[in-house]
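Here you go, one structure.
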Amino acid sequence: MIHICAAFVRNLEYLNLLEVLIVCPGSMATGKYLEAQVKNYFDFRVAAVIPSRDVEEFLKSNKIDFVISTVNVRSESVPCVKVQAQLTMNDINAIQNIAFLLGRKENKSENESRYVEQNFLDVMKTFLEKLDASKRDEFFDEVYALMETKIQSTGKSILAQMLDPSKIMIKQEKITWEQGILQAADILEKKGCVGSDYGKKAVENVKEYGDYIIISKGIALAHAGKKEAHVYKDGLSLVMCPEGIEFTEGNIVYLVFCFAVAEEKDYLKLFQEIIALGKTQKKMKDILQQKNVVSLYHSLVF
């Protein structure tokens with residue numbers, strides 16, 4: 001549904017080409033993923049993708065229209081929009097509202113004729129909010145079944161390529177979110193992907209920036225930047241806790257992935273596949289019922 005709505009936003013002729021800054025906590029993986037979505041949904045010029053610690057210095061020497069960030073950014077010089085790493089309808093609406101204010105042309109008659117797109121987005125938002133829960137699940141089941149079919153039709157998924165049973169751990173007992181991240185990072189360390197400081201830094205990022213790593217219902221993707229911790233090669237690991245891991249404000253996560261990137265690669269498809277795992281109750285229920293890492297692996301990738 002978001003892709004359908006975004007099609008209207010993407011080619012709005014009456015908006016001036018705006019220049020935006022993408023801000024992430026520290027790891028470029030989150031920022032690059034957000035950049036890919038922004039470019040897909042909007043016709044913006046992305047000035048840069050930077051960690052939050054560099055925002056103030058960047059704004060001193062560069063002129064941009066507004067900031068899109070997964071963490072709180074304070075700036076008196078430019079507007080800032082805080083969004084999820086996986087853009088939601090509310091995020092898209094918030095970005096679009098600022099774009100309308102900053103980029104609309106003076107031709108009001110043309111603007112008014114174009115408000116049909118905005119009305120459509122509002123109707124879709126209302127539809128999703130008011131749809132009966134059981135019907136909503138059926139609706140998303142169909143949508144993500146189509147996504148899964150598309151992924152499988154393009155060959156072996158990147159999730160299947162990066163993850164294998166030796167990088168998966170199942171914890172039947174209750175654990176904290178810190179333990180989940182550290183244990184997932186420990187798997188990558190033993191595989192030679194990261195150094196011993198990687199898990200600690202990933203935990204520090206959550207403590208500093210909040211639960212931004214929760215990218216889908218029941219799923220977290222922990223990571224740290226290669227400039228913050230030692231990263232030797234790309235890697236992905238998973239800790240599953242069927243009992244649930246409580247993050248901030250009662251957010252419960254069952255799958256804690258740990259992701260490390262040594263090179264500047266585009267992992268948009270990987271993020272999409274991981275996010276899709278949490279979009280249907282049926283899929284998540286099947287995943288959480290697995291008792292060993294081999295069956296869990298097959299449940300994740302097939």
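The values are calculated or read from the model by the stated rules, or taken from the named source; none is laboratory data. Just so it is clear, the structure is predicted and the values come from calculations on it, not from any experiment. As a convention, Cβ positions derive from the backbone with ideal geometry for all residues, glycine included, and neighbour counts pool all protein chains shown. Heavy atoms of the whole protein, side chains included, go into the accessibility calculation; ligands, DNA and RNA do not. Shrake-Rupley method; radii C 1.70, N 1.55, O 1.52, S 1.80 Å.
Residue under question is Tyr14, and the condition is that it be of a type in the set (Phe, Trp, Tyr), more than 20 Å from the chain's Cα centre (by Cα) and modelled with pLDDT under 90; does it hold?
Taking the combined requirement at face value, the residue satisfies it.
Within segment 267-278, track down each residue that is in contact with a helix residue (DSSP H, G or I) (Cβ under 8 Å, 6 or more places away or on another chain) and either surrounded by fewer than 18 Cβ atoms within 10 Å (Cβ to Cβ) or assigned to a helix (DSSP H, G or I) (or both).
If the condition is that a residue be in contact with a helix residue (DSSP H, G or I) (Cβ under 8 Å, 6 or more places away or on another chain) and either surrounded by fewer than 18 Cβ atoms within 10 Å (Cβ to Cβ) or assigned to a helix (DSSP H, G or I) (or both), then Leu268, Lys269, Leu270, Phe271, Gln272, Glu273, Ile274, Ala276, Leu277 are the ones that fit.
Please list, ordered by residue number, the strands (runs of 3 or more DSSP E) wholly in segment 219-266 having 1 or more residues that are closer than 18 Å to Leu296 by Cα, of a type in the set (D, E, K, R) and in contact (Cβ under 8 Å) with a residue 12 or more places away in the chain.
The qualifying strands (runs of 3 or more DSSP E) are 235-246.
Then there's this: If we keep just the residues of segment 189-225 that are among the charged types (D, E, K, R) and closer than 13 Å to Gly235 by Cβ, which is most open to solvent (accessible area, probe 1.4 Å)?
Out of the qualifying residues, it is Lys190.
Quick one: count up the residues across segment 285-300 that are surrounded by fewer than 19 Cβ atoms within 10 Å (Cβ to Cβ) and either hydrophobic (A, V, I, L, M, F, W, C) or assigned to a loop (DSSP other than H, G, I, E, B) (or both).
Looking only at that region, the number is 7.
I'm trying to understand the selection: among the residues of segment 58-92, which are of a type in the set (Gly, Ala, Ser) and crowded, with 18+ Cβ neighbours inside 10 Å?
The answer is Ser69, Ala85.
If the requirement is being within 30 Å of Val73 (Cα to Cα), more than 18 Å from the chain's Cα centre (by Cα) and assigned to a helix (DSSP H, G or I), which of these qualifies: Ala202, Ala184?
Ala184
I need the full set of residues from segment 17-53 which are of a type in the set (Val, Ile, Thr) and at pLDDT below 85, in order please.
Thr30
Name the residue that is least open to solvent (accessible area, probe 1.4 Å), counting only residues in segment 232-262 that are among the small types (Gly, Ala, Ser) and over 18 Å from the mean Cα position of the chain (by Cα).
Of everything passing the filter in segment 232-262, Gly244 is least open to solvent (accessible area, probe 1.4 Å).
For segment 153-188, give me each residue that is open to solvent by less than 10 Å² (accessible area, probe 1.4 Å) and either farther than 22 Å from Gln272 by Cα or free of Cβ contacts under 8 Å to residues at least 40 places away in the same chain (or both).
Selection gives nothing.
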